[in-house]
Amino acid sequence: MLARCRGAVLDIGCGPGRLVAALAEQGHRVLGVDVSPAAVTSTVRRGGTALCRSVFGPLPGEGRWHTALLIDGNIGIGGDPGALLDRVARLLGPGGRLIAEADGAEVDECHEVRLDDGRGAHGTPFPWARVGPAALRGHAARAGWRPVHTWTSTGRHFTELAPGC
């Protein structure tokens, strides 16, 4: 998946920053974005650059990113894959691409979820979607994206998408 990244990369929902760090080591200009302060701190500790904010808020380089990533289920951010795909289209520059990972199961659902801190405390509920490969293609087509390449690696399902049909 990393080999398909071109130019400046925006990792949406970067989590602990493993992809941000790996891409930076390969020479990419890369920015991670996550709403979790702990995730941003972890990304920075790995040597990456990250901001603590929502993808739906203002971001640096809007309309100029070459590659955007939605990996590890992050197509579910916000609970509305169509709205997220619309937002990502506005973040990419001309010729930009989105690499999205779909759920391994054929699902298309939205739920309210809460994070568990591992000690029994639960966070505030927030909307999240689960989208399988076929559902991802459907949401993408409705949002005006076209598939460029699809592949499976170690049981994980990826699709590279380009804005515009």
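Of the trypsin sites (Lys or Arg not before Pro) found in the range 106-164, the ones in coil according to DSSP and having at most 13 other Cβ atoms within 10 Å of their Cβ are ARG114, ARG119. Of the GluC sites (Glu not before Pro) found in the range 89-123, those that fall in a DSSP loop while having at most 14 other beta-carbon atoms within 10 Å are GLU106. The distance linking the range 78-122 with the range 1-22 is 15 Å (Cα centroid to Cα centroid, whole angstrom). The H on the amide N of ARG64, modeled in the peptide plane, is under 5 Å from the matching H of GLY93, each at least 5 residues off or on a different chain.
So, with a 1.4 angstrom probe, what is the percent of accessible area on the range 14-106 that is carbon and sulfur? Roughly 53 percent of what the probe reaches on the range 14-106 is carbon or sulfur.
Counted over the range 7-165, the DSSP beta bridges are approximately 60% antiparallel. Overall, the ratio between the Cα radius of gyration of the range 69-122 and 2.2 N^0.38 Å, rounded to two decimals, is 1.39. Per residue, the range 28-154 exposes 51 Å² of solvent-accessible protein surface, assessed with a 1.4 angstrom probe and all protein chains in place.
Amide H contacts of GLY17 (H built 1.01 Å from N, in plane; Pro and chain starts excluded): no residue 5 or more places away or on another chain comes under 5 Å.
Amide H contacts under 5 Å for ASP108: GLY132, restricted to partners 5 or more places along the chain or on a different chain, H placed in the peptide plane at 1.01 Å from N.
Taking other residues whose beta carbon is less than 14 angstrom from the beta carbon of ARG146, and scoring Lys, Arg as +1 and Asp, Glu as -1, yields +2.
Loop-resident trypsin sites (Lys or Arg not before Pro) (DSSP state other than H, G, I, E or B) in the range 1-92 with no more than 15 further Cβ atoms inside 10 Å of their Cβ: ARG6, ARG29, ARG53, ARG64. Among [x] 335; [y] 113; [z] 142, find the value of volume of the Cα convex hull per residue in Å³ that was calculated from the structure presented, and write down its label. Entry [y].
The values are calculated or read from the model by the stated rules, or taken from the named source; none is laboratory data. Just so you know, these numbers come straight off a predicted model, no measurement behind them. Backbone-built Cβ (ideal geometry, glycine too); neighbour counts: all protein chains shown. Only protein heavy atoms, including side chains, enter the accessible area calculation; ligands, DNA and RNA are left aside. Shrake-Rupley method; radii C 1.70, N 1.55, O 1.52, S 1.80 Å.
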